[in-house]
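All remarks here apply to the structure that follows.
Only the coordinates and a few stated rules stand behind these numbers; no lab work does. Computed from a predicted structure; not experimentally measured. Please note: Cβ atoms are built from the backbone with ideal geometry, for glycine as well, and neighbour counts cover all protein chains shown.
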């Protein structure tokens, strides 16, 4: 039998009777909701947690960047494609189950509005974070035009 | 019977000492084996330098600071992740041997092997 409980981190008392201790106060309702969701999510099996993953988008003058959280992904199974203005990321992770191993798949598509040099798209995977660099096409880069005034 | 209690939640907004730096509870999984517990914690964006594991007073605390921040000179267009550090507090009630704990961080996933104390292992009691 396993006994798992969730309380606030400041609930320093380890006794099971402290289940609702330390979760009162100004942020009470938020914590309550978070606690309930947290409890539900942690109870899900590995396969049920597959699907989408969080992605950030940011840019500088030359490139667009997509950053995705993919902890524990199998490196060989990470696939990044850029087709018709859409960035597609697929990945999978192996998880141990009671008897063996199961593969959990993830995928996400992100629309990229800018003109991208599709053949120069590159990706780096580090500490469970995938960073995709999408170089803009020359014509899509902001250009300064000198105007001579007579 | 196992007593392995998680004592943490998502944002610890009510905690005075951590009010300035909110933390998030990472996804984690605990599997019990005959010899101990296998703990798997998802810590995306956390490098070895940002990871801290402490065991004190029957509680195992794992904190992971994310090393990846938004690089300078770049403009954020869309955000779904967070920079908040991860914090997980698990109470084991001194049923493990801290010295035998083995931890391995790879690709944003932390694997911790916790060994059960002899006193916590099941014991057959002979009836005379």
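Observations
- Most to least packed among A:83-95, B:106-118, A:103-115 [average Cβ atoms within 10 Å]: B:106-118, A:83-95, A:103-115
- Considering only segment A:49-140, percent of DSSP beta bridges that pair antiparallel, nearest 5: 95
- With contacts taken as Cα pairs under 8 Å and at least 6 residues apart, segment A:49-140 reaches a relative contact order of 31 percent.
- Highest mean packing first, where packing is the average number of other Cβ atoms within 10 Å per residue, the peptides A:63-72, B:119-128, B:46-55 line up as A:63-72, B:46-55, B:119-128.
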